Amino acid sequence: MKNENILFASHMLKLRLVKSSLVLGIVALIMQVSVQRAQAFDLSSLTGNYADSYEAFVPSNSHQVLPPISTYSPYFTVALWTFDGAGGLTGRLVLNFGGGLIANPDFLPIITGSYTVDANGTGTMNWMVGNDPARRHFVIGNGGNDLKYISTNPTSGIQSLGTKVKQ
C-alpha cells in the first residue's frame, strides 16, 4: 500500500508539473503576442508614394519674417510625394493660391530634395523653393503608413501642417 501511495503521489506531481508548464506556456504566448515592441526606423522606412493634402498660410505682403496673422492668405495643395528609401524625395504638387490661380494642374514633379529619419521615427524633409530652403519636420505613424508634419519657412513665412498617407 505504501508503494502505491508513493506511485500515486509521484504521478500527481508529474501531472501538476505538466499542467503548470502548459499554463506558463500559454501565459508566455499571450505576453509575446500582446507586448508591442519598439520599432526602429531608418531611411528605408519611407518608400513609395504618399498622398498629401494641406492648407498653408502665406504672408500676403512680401517675405516678412513672422508677420502678424492678419497679413496672411491661405493656399491649398494636393500632392503626391515619392520617397526612394535612401534619402531622396520627389514632390508632385498642385497648388491653389487663395482661390485664384491653380499651379501645376498636371502633377508634374516640381520638387526634388532629401529626407532624414531618426531611429525614433522623427525626421525632416528638405528642398529648395527658388533660392529659399524649405523644411518639414515629421513623425512617422501607423507603422510607416502616415507622416504627420509641420513646417515654417523662416524666409518666406509660409506655415503648414498636414498628414501624408501611404498609397
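The values are calculated or read from the model by the stated rules, or taken from the named source; none is laboratory data. Note that the structure is a prediction, hence the values are computed from the model and not measured. Please note: Cβ atoms are built from the backbone with ideal geometry, for glycine as well, and neighbour counts cover all protein chains shown.
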Restricting to region 123-167, name every residue that is surrounded by 15 or more Cβ atoms within 10 Å (Cβ to Cβ), part of a strand (DSSP E or B) and small (G, A, S).
G123, A134, S151, S160, G162
Assess whether Y75 counts as being modelled with pLDDT under 90, assigned to a strand (DSSP E or B), hydroxyl-bearing (S, T, Y) and within 20 Å of L161 (Cβ to Cβ).
yes
